[in-house]
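Encoded as C-alpha cells, the structure appears first; notes follow it.
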Amino acid sequence: MENSFDAVVVGAGVAGLYAVHKLRGRGMRVRGFDSAAGVGGTWYHNRYPGARCDVESIDYSYSFDEELQQEWTWSERFAEQEEILRYLGHVADRHDLRSAYEFSTRVTSAEYDGRWTVRTDTGRTVDARFLVLATGVLSATNMPDLPGRDTFAGELYHTGAWPHDLVEFAGKRVGVIGTGSSGIQAIPVIAETAAHVTVFQRSPNYSIPARNRPLTPEYVAEIKAGYPERRRLSRVSGGGTPNSPHPRGALEVGAAERTRIYDQWWERGGYLFAKAFPDQMTSLAANDTAREYVEAKIRELVHDPDIADQLIPDDHPIGTKRIVTDSGYFEAYNRENVTLVNLRRTPLTEITPDGVRTEDTLHQLDMLVFATGFDAMTGSLSRIDIRGRNGRTLRDEWSAGPRTYLGLTVAGFPNMFVVSGPGSPSVLANMVLTAEQHVDWISSCLDFLDDHGVTTIEATEDAVTAWVAECNANAAATLFPAANSWYLGANIPGKPRVFMPYIGGLGKYRAICDDIAADGYRGFVLD
Ligand code: N01
C-alpha cells in the first residue's frame, strides 16, 4: 500500500470532501482518513430522530460545481439528516472521492519533521508534505461524567453518535438530558411514539419554529435559475446566506414597525430571527425587544404558565447561544406524555440502573438519550496528538485557548492547515460556503508556493497574536461573551473561556484572507 503522499486530509465531511477534490484537482496525491465507515462527517454521526439542518438546503450545499447544483434537487426547505447524507454520498460518487479515503480509520497522531508523519488506529503510518485537518467543529461528543452513568441498565445513546440500527421508542420511558439544538429537535419526534419522555433541562434555550415545508418544482426552478446571484450575495454576506437585516436598528424604528419586522422573521422561521435588526447582537436594549417578543410567543405556545416560565431562558441575551430551529418543541410540553424536569430546581444527583435520580425523585427509564453536545471547535483536534516543530504539541500550544492565524494555520506547525478552525467564521456562517472559501484559499496558497519554489509555509507568532487579539476584540464588541455557550468552551468543565469563532462575518473574513494572499502571504514565513 502506498505510504507517501502530497497531502493527508483528515475528515470526510463537507470540508474534507471538498479539500480532497480540490487538491486532487491540482494534481496532488491525496490520502484521506475518517473514523466513520463512510463519508458525511457530522451528517454521518448525527442520525438522531428529528435531525435536520437549520440552514436552508438550497444554501447549505456546495457551490463549486454548477452542474451539481443544477442537477441536485432538495425536497425540503430544511433538509433532514438522511437527505444531506445522501447528497454528500452523491457528491463523493460524482467526483470519485471515496477512493482517496481509508474509512473506519482514526488518525491518532501527526508529527512534523520536514514532512508530516500520520499514524492511525489501524496501524497505518503515512507521510505527506501537507496536513489538512478537516476534523469538524461539532464532532467530538461531550459525554458528561455523571455519577453512576455507566450503571444504567437500559439503552443509552448520544445524539452525536447515534446508532445506524433503528432505535424503537414505542412503549418506552425515555429520558433526554440536554435542551440544545439536538435535544430540542429530538424531543418532539421521540414523544410521538414513546410511552413517556422525561426532559432533564439544565438551561432553557430560545427556539424559533422552522416552518419547514416541501419545496415546489416552481420554487426550485426559480432558485436554480438565480443561483449565481444567490451565491454571490452569500459569499459577501456575514452569515453565508443571502439574507440581510432591516436597514435600521431595533430602537430606531417605532414599536409597530419593530413588531411587524419580528412578526415577519417569526413567520419566516428559524435562527435567522437573531438577525432581524443589525444591532440585536450588539445592544442589550435592542436585544431585549427581540427577547421579549419571543418570550411572549413561548407563553402562547405552552399551555401551562409555570412550564412556560421554566422554558424561558433567564441567563443570556437571545442569539448569544445559537437560536434553535425547531419543529413542535414547545408544543411537545402540552402532551400528556412529556414531563419537564428542571435541574436548576431539583439537581441531578446520580444515574442508577433504573433511571435518573434528582434531589427529590428517581425517574424510572428504559432509555436515556444524552443530547449533551460537543467539545466544540478544538475537541476533534486535541483528540489527535499533533506535534509541530521541535516536538511542540498542539494541546500545549492551545492550553490557554486556541491560537491561530485566520483560523487556518498555527505558528510552529508548518504546512498544516485547519479547515473551519477556531479563529475562522465557520460555525457563525454557512459551513458549506465557509469550507469552500478555506479550501480555495489553501489551494491558491499551494499554487503560490509551487510558483515561487517555496517548500514550507508557517504563520509567525506575531501574526497569530494579532489575529487572536482581533478575534477577541470583535467578540468583545458584541453581546456573545455574555452567554455560557460552547462558542466560549463554557460547556466543557476546565476548558479555557475564549470566544473561538471569528465574528466579523464571512464576507469581511474573505476580504482579509484575500488581502493577505495578495500581499505575498503577509504574516507567514515562506521557506
Ligand atoms: O449541544 P449544546 P447540541 N447535565 O451544547 C446540556 C449545532 N447543531 O448538540 O446549557 C445536564 O447546544 C446543556 O445544558 P447547559 C448547533 O450549532 C445544529 O444540542 O450546559 N445537562 C445543553 O442543554 C448547536 O448549537 C443543529 O446548562 C447538561 C445541552 O446539554 C450545536 O450543534 C442540530 C450537562 C447541550 O446543548 C450543539 O448543539 C443539532 C450535564 N452535565 C446541533 N452537560 C441544526 O442544524 C450538558 N448538558 C438544527
> Hey, got a sec? Which GluC sites (Glu not before Pro) in the range 285-376 land in a DSSP loop and have at most 15 other Cβ atoms within 10 Å?
Replying inline: Glu336, Glu359
> In degrees from 0 to 90, rounded to the nearest 10, what is the angle of the helix 431-451 Cα long axis to the longest principal axis of the chain?
Replying inline: 10 degrees
>> Neighbour counts of other C-beta atoms within 10 Å: give me Met143, Met500 arranged from fewest to most.
In response: Met143, Met500
> Between Glu267 and Glu66, what length comes free when the chain is fully extended (0.36 nm per residue of separation minus the Cα-Cα distance, one decimal in nm)?
Replying inline: 69.2 nm
>> Pairs on different chains or at least eight residues apart, Cα atoms closer than 24 Å: how many lysine pairs in the chain fit?
In response: 8
>> Rounded to whole Å, give me the distance from the Cα center of the range 309-323 to that of the range 150-173.
In response: 28 Å
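For the range 29-93, which trypsin sites (Lys or Arg not before Pro) pass both filters: DSSP loop (anything but H, G, I, E, B) and at most 15 other C-beta atoms within 10 Å?
Working: sites: Arg29, Arg31, Arg47, Arg52, Arg77, Arg86; in loops: Arg29, Arg47, Arg77.
Here the sparse-neighbourhood loop sites are Arg29.
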> By how many degrees, 0 to 90 and rounded to 10, does the Cα axis of helix 461-476 deviate from the longest principal axis of the chain?
Replying inline: 20 degrees
> When you take every Cα atom in the range 420-527, what is the radius of gyration, and what is Dmax, the widest Cα pair distance, in Å?
Replying inline: 15.3, 47
> If each Cα of the range 340-440 is one equal point scatterer, what is log10 of I(q)/I(0) from the Debye formula at q = 0.11, 0.15, 0.20 Å⁻¹?
Replying inline: -0.56, -0.73, -0.94
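For a Förster distance of 56 Å, can you work out the FRET efficiency between the beta-carbons of Ala511 and Ala170, rounded to the nearest 0.05? Walk me through the numbers on the way to the answer.
On the way: r = 53 Å, r/R0 = 0.95.
The calculated FRET efficiency here is 0.55.
Using a simple charge model, +1 on the beta-carbon of Lys and Arg, -1 on the beta-carbon of Asp and Glu, nothing else, what dipole does the chain show about its Cα centre, in debye to the nearest 20? The partial results should precede the final answer.
Working: 52 positive and 69 negative charges, 90 e Å.
Value, rounded to 20: 440 debye.
Only the coordinates and a few stated rules stand behind these numbers; no lab work does. Here the structure is a predicted model, which is why all the values come from computation and not from measurement. For neighbour counting, all protein chains shown are included, and Cβ atoms are generated from backbone atoms with ideal geometry for every residue, glycine included.
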